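> First the structure, then my questions, so here it is.
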There are 2 protein chains.
Amino acid sequence: MLDASPFRSALTDAQSRVEAALEAGLPRPTGPEAPIAHAMRYATMGGGKRLRAFMVIETAKLFDVDPAGADRVAAAIECLHAYSLIHDDLPCMDDDDLRRGQPTVHIKWDEATAVLAGDALQTCAFALLADPATHDSAEVRVRLVASLAQAAGQHGMVGGQAADIAAETATTPATLADIEHIQSLKTGALIRWSAEAGAMLGQADAAQTRALTAYATALGLAFQIKDDLLDVEGDADAAGKRLRKDEAAGKATFVSLLGVEEARARALALAEEARSALAPFGAAADTLRDAATYIVTRQT
Amino acid sequence: MLDASPFRSALTDAQSRVEAALEAGLPRPTGPEAPIAHAMRYATMGGGKRLRAFMVIETAKLFDVDPAGADRVAAAIECLHAYSLIHDDLPCMDDDDLRRGQPTVHIKWDEATAVLAGDALQTCAFALLADPATHDSAEVRVRLVASLAQAAGQHGMVGGQAADIAAETATTPATLADIEHIQSLKTGALIRWSAEAGAMLGQADAAQTRALTAYATALGLAFQIKDDLLDVEGDADAAGKRLRKDEAAGKATFVSLLGVEEARARALALAEEARSALAPFGAAADTLRDAATYIVTRQT
């Protein structure tokens, strides 16, 4: 049903715009350090849903922001996200060989290249945000940097990864509150930042920013619950990665704690909550509303 | 001779100031993600020469910059430096067990903690620079971020690490030009940034900035040549790390290419070149001049 929708065309548009911004913004492979640049491009430009880029670009539209600036911010969040995936896939972390149906960076190159390419992608995210081409106002650019550092750091994404590792080795089983805390940091923080980025670029007022934060908070949680459902119900070929790892590892997930039916109902309710949070923006936010529907109905 | 000098007291002062700024600026260990915060503090607050912090703080003095802001910038560059050491020490990179006489992070904790603590320290460096407490002007803060991203990324420090790895596996032996290129990126870029940071904080004119860049370029190269000399001549107990690794690995260094005598002469000449570059600042730059002397006469 969503296939011919404005949402689908907005998503396709965001995907091609962020690919172009990455092509322009990533370092070119030259000299003896070229393998790192190749690995950075491989990890960021291999497709993916581009959900974070979509949210940056679509929330920026609500405030009539310069599209070229929004594209650079979208490229920055995709660099940050790709860095986290490269490091997460390392043997000492999740030890994954496949990502989107392709060999992970440490398999295609080696571990040293994967560590360095991830490191350089994090650096590149901040470089893209700080560059004058992103926004005329230094105040806006530095706020993007500060907030992304907050979302990515020890009280954000990296903290969530650490808490996730701690939960796996804990002597008491993780509770629903633990899993929600981990999700809110590990994947939630960057999704919230992506929705708030449009408001930052557009220098939106506090009420508008709060509406987008509420939207992204509900949507991020719905996304993770759906991910857990797909891990149990999904098709590994379609997903392009190993599935049922959590179950095999005896790891607590939304599905193991809530059951399939309750998890599904929770995801649908959160998608509805996300859509409702966009009320202040009227019809202008329809593609963002449809994104919430897509997230809980997707098959990969 | 330098022991009772203004240089020694300035270095000690910079060391205690940056420790305090790190104590205040690093995340506190709480919740299930606490091990990462502990590892971040362990890696940054375990001492070290603090040469980069010293250069930030001393170049900031030339322009009467708010000392509290300079301390935060000094903490940022030490976070960035510590992140690079943690990742460099990993088994897939240099595989080092000791750093400053203490177990490296992946030995004291594990590899996953080392990857994440390094990642979070890089993030923390940008967070410190972007924060309004660092400087009143958003323009200055965002320029610090952009220039550090340049110095740390694929065309700076990480590029140097990649080129260094490439040189080790290359079929043709590295030349002096190769080694200078690698050094200029791998350790030179952050040293140059540290000296330029004071000029950025003080919104110095182009001639003043160029003088500091020339100083730091010569000093950075002198530092690396002296490091190579210490690797051959030094005492492992005093250094707190493994020595003669380069020789054991058959790796080209300034010493293997130039010989001990020529390398020593080159380092002394570079220190003199660094001192001369500071002429525009007169006696106000005496501690920075003494730093150049210290760098080529140090025993660890």
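The values are calculated or read from the model by the stated rules, or taken from the named source; none is laboratory data. Quantities reported herein were computed from a predicted structural model and do not represent experimental measurements. Cβ atoms come from the backbone with ideal geometry, glycine included; neighbour counts cover every protein chain shown. Surface areas here come from the heavy atoms of the whole protein model, side chains and all, with no ligands, DNA or RNA. Shrake-Rupley method; radii C 1.70, N 1.55, O 1.52, S 1.80 Å.
> From Cα pairs below 8 angstrom and at least 6 apart in sequence, can you work out the relative contact order of chain B, rounded to a whole percent? If you can, show how the numbers build up before the last one.
Values: 421 pairs, mean separation 57.3, N = 300.
Relative contact order, chain B: 19 percent.
> Further question: Apply the Karplus curve 6.51 cos²θ - 1.76 cosθ + 1.60, θ = phi - 60°, to the phi angles in region B:198-212 and return the couplings in whole Hz, x for Gly and Pro.
Here the 3J(HN,Hα) series is x, 5, 5, 4, x, 6, 5, 7, 4, 5, 5, 4, 4, 4, 5 Hz.
> List the lysines whose alpha-carbon lies under 29 Å from that of A:Lys49, not counting same-chain residues fewer than 8 positions away?
A:Lys61, A:Lys108, A:Lys186, A:Lys226, A:Lys241, A:Lys245, A:Lys251
> Sticking with this structure for a sec: Provide the buried accessible surface between chains B and A in square angstrom, both chains summed, 1.4 Å probe, rounded to the nearest 100.
By this definition, chains B and A bury close to 3500 Å².
> Compute the whole-percent fraction of alpha carbon pairs in region B:148-279 spaced more than 24 Å apart.
Of the Cα pairs, 34 percent sit more than 24 Å apart.
> Tell me, what HN-Hα J-couplings in whole Hz come from the Karplus equation 6.51 cos²θ - 1.76 cosθ + 1.60 at θ = phi - 60° for each residue of region A:37-42, using x for Gly and Pro?
Listing the rounded values in order: 5, 4, 5, 4, 5, 4 Hz.
> Using the Cα gyration tensor of region B:33-177, with a ≥ b ≥ c the square roots of its eigenvalues, what is the shape: rounded (a/c below 1.5), prolate (a/b larger than b/c) or oblate (neither)?
It comes out oblate by the Cα gyration axes.
> From the label point of B:Lys245, set 7 Å from Cα along Cα→Cβ, how far away are the matching label points in the other copies, in nm, ordered shortest to longest?
Distances between equivalent label points, in nm: 3.0.
> A further question on this structure: For region B:109-188, what does the alpha-carbon gyration tensor say about shape, rounded, prolate or oblate, given a ≥ b ≥ c as the root eigenvalues, a/c under 1.5 as rounded, and a/b over b/c as prolate?
Values: a/c = 4.54, a/b = 1.63, b/c = 2.78.
Oblate.
> How big is the dipole moment of the protein assembly as shown about its Cα centre under a simple scheme where the beta carbon of each Lys and Arg is +1, that of each Asp and Glu is -1, and everything else is neutral? Debye, nearest 20, please.
680
> Next up: Looking only at region B:24-63, which residues have a backbone nitrogen under 12 Å from a spot 7 Å from the Cα of B:Ala284 in the C-beta direction?
B:59-63
> Based on a Kirkwood Rh over C-alpha pairs, give the Stokes-Einstein translational diffusion coefficient of the protein assembly as shown at 25 °C and viscosity 0.890 mPa s in µm²/s.
So the translational diffusion coefficient is about 98 µm²/s.
> Quote the charge dipole size of chain B about the Cα centre in Debye, to the nearest 20; the model charges only the Cβ of Lys and Arg (+1) and of Asp and Glu (-1).
Dipole about the Cα centre, nearest 20: 400 debye.
> Separate question: Rounded to the nearest whole Å², what accessible area per residue is found for the protein assembly as shown with the 1.4 Å probe?
That works out to 38 Å² for each residue.
> OK, next. Efficiency by 1/(1 + (r/R0)^6): what FRET value for B:Ala24 and A:Ala133, r their Cβ-Cβ distance, R0 = 22 Å, to the nearest 0.05?
The calculated FRET efficiency here is 0.05.
> While we're here: Counting only protein heavy atoms and a 1.4 Å probe, tell me what percentage of region B:6-297's accessible area is made up of carbon and sulfur.
That share works out to 53 percent.
> Beyond 17 Å, how much of the Cα-Cα pair distribution for region A:1-101 remains, as a whole percent?
Taking all Cα-Cα pairs of region A:1-101, the fraction more than 17 Å apart is 56 percent.
> For a test of the definition: using alpha carbon positions, the gyration tensor, and the 1.5 limit on a/c, classify region A:6-297 as rounded, prolate or oblate.
oblate
> With runs of 4+ DSSP H residues as the only contributors, calculate the mean residue ellipticity of chain B at 222 nm using -39,500 (n - 2.57) per run, divided by the residue total and rounded to the nearest 500.
Calculated mean residue ellipticity at 222 nm is -22500 deg cm²/dmol.
> Around B:Leu98, which amide H atoms from residues at least 5 apart in sequence, or from another chain, sit under 5 Å from its own amide H, with H modelled in the peptide plane?
Correct list: B:Thr104, B:Arg242.
> Which residues does the label zone of B:Arg298 cover in region B:31-53, counting backbone N under 11 Å from a point 7 Å along Cα→Cβ?
B:48-53
> Let me ask something additional. Which whole-Hz ³J(HN,Hα) couplings does region B:70-87 yield from phi under the Karplus relation 6.51 cos²θ - 1.76 cosθ + 1.60, θ = phi - 60°, glycine and proline marked x?
Computed from phi, the couplings for region B:70-87 are 4, 5, 5, 5, 4, 5, 4, 5, 5, 5, 4, 4, 5, 4, 5, 5, 4, 5 Hz.
> What distance in nm separates the two pseudo spin-label positions at A:Met45 and A:Gln102, each 7 Å out from Cα along the beta-carbon direction?
Modelled inter-label distance: 1.0 nm.
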